[in-house]
Amino acid sequence: MSADVLVAGGTGFVGSRLVPALVESGNAVRVMTRRPVAYDGPALAVGGDVSAPETLGDALEGVAAAYYLVHSLGSDDFEERDAGAAKSFGAAAAEAGVQQIIYLGGLGDDGDALSKHLRSRRQVESLLGEAGVPVTVLRAGIVVGHGGLSWEITRQLVEHLPAMVAPRWVKTRTQPIAIADVVRYLVGVLDHPEAVGRTFEIGGPDVLAYVDMMKRVAAIEGRVLPILPVPLLTPGLSSRWLSLVTDVDVRAGRTLIDSMVNEVVVRDPAIREVVPFEPMSYDDAVRTALEERLEIW
């Protein structure tokens with residue numbers, strides 16, 4: 001691709017891994033950030049803020065494709081913030097002549113009563129393309145990797161509790177995916193003629209209930225996690241003690257826990273034909289995340 005690729009959210013959990021992979025693949029990459037002078041990664045930093053539409057035109061000028069990895073889960077009004085930002089970004093991208101937007105959304109059946117978080121992700125999907133730029137959507141469940149919010153909740157609950165009371169959501173099924181595999185899919189759909197304008201579901205090979213995910217993390221760490229079923233412990237109640245046993249952002253963590261009543265599994269494996277490879281198993285993804293944390297610490 002001769003023109004630049006822009007990554008909005010390039011300094012976050014997913015973006016900071018995606019940018020080096022895009023550079024390694026031979027792309028000219030721009031990272032959009034509110035503080036370009038503070039960026040020290042492998043790509044060109046450009047100023048821009050999705051909450052300030054007037055800053056987006058310069059950042060998107062000459063860009064052929066743009067990744068949108070932005071969310072506001074740490075804010076009480078995240079739905080309104082994310083909707084406004086997505087609409088502004090999509091309009092600016094259309095004005096700049098961007099040919100493809102790639103967005104990482106969330107799994108979940110549209111027929112379900114989706115949580116506020118998952119409803120917001122669906123809304124962002126449509127708003128990004130409202131001005132006419134084709135959007136490629138990758139929908140994922142829990143992404144396993146050091147620093148990821150959903151993974152950190154899982155790891156810290158396992159490591160900080162000698163035993164755990166089990167709310168109803170621990171029996172909900174999900175299809176976790178390694179962060180390395182998310183990045184492979186994100187890179188793979190860039191400028192791919194069979195991916196432009198399509199929505200895909202991505203996940204690893206294992207479909208697990210949350211309770212089984214936590215037990216397997218405990219086993220990999222060489223311990224047993226007793227879990228006591230308490231059916232009346234709702235996601236809302238269980239999220240209130242999150243701040244007592246983890247160091248994750250309370251508002252963002254509560255939003256994610258509220259989403260754990262929704263089953264998030266891959267129904268359509270079409271992505272495997274467009275970007276073919278064998279995703280990492282859940283156990284291997286957990287080991288990789290734990291090893292990365294040890295290297296950093």
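Here, each number is a calculation from the coordinates, and none is a lab measurement. Fair warning: this is a prediction, and the values are worked out from it, not measured in the lab. Using ideal geometry, Cβ is built from the backbone for each residue, glycine included, and neighbour counts are taken over all protein chains shown.
Projecting the Cα atoms of 157, 91, 115 onto the dipole axis of the chain, where Lys and Arg carry +1 and Asp and Glu carry -1 at the beta carbon, places 157 farthest toward the positive end.
Angle of helix 210-220 to the longest C-alpha principal axis of the chain, folded into 0 to 90 degrees and rounded to 10: 80°.
Compared with the dominant principal axis of the Cα atoms in the chain, helix 116-128 is inclined by about 10°. Placing unit charges on the Cβ atoms only, positive for Lys and Arg and negative for Asp and Glu, gives the range 7-144 a dipole magnitude near 280 debye about its Cα centre.
Under the convention that each Lys and Arg Cβ holds +1 and each Asp and Glu Cβ holds -1, the size of the dipole of the chain around its Cα centre is about 780 debye. Close amide H contacts of residue 227 (hydrogens built in the peptide plane, cut-off under 5 Å, sequence separation of 5 or more or a different chain): 164. Computed per residue of the chain from DSSP H runs no shorter than four, each worth -39500 (n - 2.57), the mean residue ellipticity at 222 nm is -11500 deg cm²/dmol.
Among 29, 64, 41, flag the residue with its Cα farthest along the positive direction of the charge dipole of the range 1-70, charges on Cβ as +1 for Lys/Arg and -1 for Asp/Glu. Positive-most Cα among the choices belongs to 41. Given the C-alpha centroids of the range 27-71 and the range 105-180, what is the distance between them in whole angstrom? Computed from Cα coordinates, the inter-centre distance equals 25 Å. Modelled spin-label separation between residue 221 and residue 123, with each label point placed 7 Å from Cα along the Cα-to-Cβ direction: 3.5 nm. The length gained by stretching the chain between residue 80 and residue 156 to full extension, at 0.36 nm per residue less their Cα-Cα distance, is 24.4 nm.
Work from the charge dipole of the chain (Cβ charges, +1 for Lys and Arg, -1 for Asp and Glu, about the Cα centre) and give the residue of 146, 101, 248 farthest towards its positive end. So the residue furthest toward the plus end is 248.
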